[in-house]
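Have a look at the structure below before the remarks.
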Ligand code: GRF
């Protein structure tokens, strides 16, 4: 299965996914078709290229969401992705984008999406002194962090007395959970709805 990984920043989840494709739980199951960013200067893009991935970018700065997303759908379509894997992609997707890849867009959220949506999830867990938070991998629908949950994994936050420590523990879980969940999704082991075939416009 061909993955298009979308990021806007550092790309530590992208690195974990590429490693899982190259020599981990995703090897033989998935390949990275492209790593795409809405920020041409995102550090993660350079890292992806250094790891041997095809990369593409289009700057979203000052662009209207629907127009921009239509162009992104076209660019991604050229790589014929089976799954769109959001990995720190800091854009809300327009309905056009979501429909183009319906049921095939996956996101990782660093909290329980039933309890927290949107940005700053680790800050939220830290400020509320939660003894535990949950990393969530979910399918993306038209809401913000509302799609069907594919997997969750707890993060023990007891004794984590800085935000940095909370993030450190959380990211360690993110990095194995994302690849593991994608592997199970591709193997058909998850009870997520089976994706429809891609629309011609999205398949390029
Ligand atoms: C991660 O915490 C992810 O859960 C969230 O954005 C962050 C991206 O980090 N959606 P990275 O770019 O993968 O390092």
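Rule-based calculations on the coordinates, nothing more; no lab input. Bear in mind the structure is a predicted one, so any value in this text is a computation, not a measurement. Ideal geometry is used to build each Cβ from the backbone, glycine not excepted, and the neighbour counts take in all protein chains shown.
With a cut-off of 8 Å between alpha carbons and a minimum separation of six or more residues, what is the relative contact order of the range 5-109 in percent? This gives 31 percent for the range 5-109. Modelled label positions at residue 99 and residue 56, each set 7 Å beyond Cα in the direction of Cβ, lie 2.1 nm from each other. Once the Cα atoms of helix 12-23 and of the chain are each reduced to a long axis, what angle between those two axes, in degrees from 0 to 90 to the nearest 10, is obtained? The helix 12-23 is inclined about 70 degrees to the chain. Applying 1/(1 + (r/R0)^6) with r as the Cβ-Cβ distance of residue 92 and residue 191 and R0 = 25 angstrom yields a FRET efficiency of 0.40.
Cα axis of helix 163-186 to longest principal axis of the chain: angle in degrees, 0 to 90, nearest 10? Approximately 40 degrees, to the nearest 10. With contacts taken as Cα pairs under 8 Å and at least 6 residues apart, the chain reaches a relative contact order of 23 percent. Which percent of Cα pairs goes in each bin when the distances of the range 97-171 are cut into 10 angstrom slices starting at zero? Binned Cα distances yield the sequence 21, 47, 24, 8, 1.
When the alpha-carbon atoms of the chain are used, the pair Rg, Dmax equals 16.2, 51 angstrom. The range 123-144 and the range 17-63 have Cα centres lying 24 Å from one another.
One decimal place: the segment residue 49-residue 23 gains 7.6 nm when fully extended, by the rule 0.36 nm per residue minus the C-alpha distance.
Sequence-distant contacts, meaning Cα pairs under 8 Å at least 6 residues apart, place the relative contact order of the range 76-146 at 37 percent.
Extension gain for residue 141-residue 2 works out to 48.0 nm (0.36 nm per residue, less the C-alpha to C-alpha distance). Treat the range 72-117 as a sphere of radius equal to its Kirkwood radius over Cα pairs and apply Stokes-Einstein at 4 °C in a medium of 1.567 mPa s; give the translational diffusion coefficient in µm²/s, rounded to a whole number. So the translational diffusion coefficient is about 110 µm²/s.
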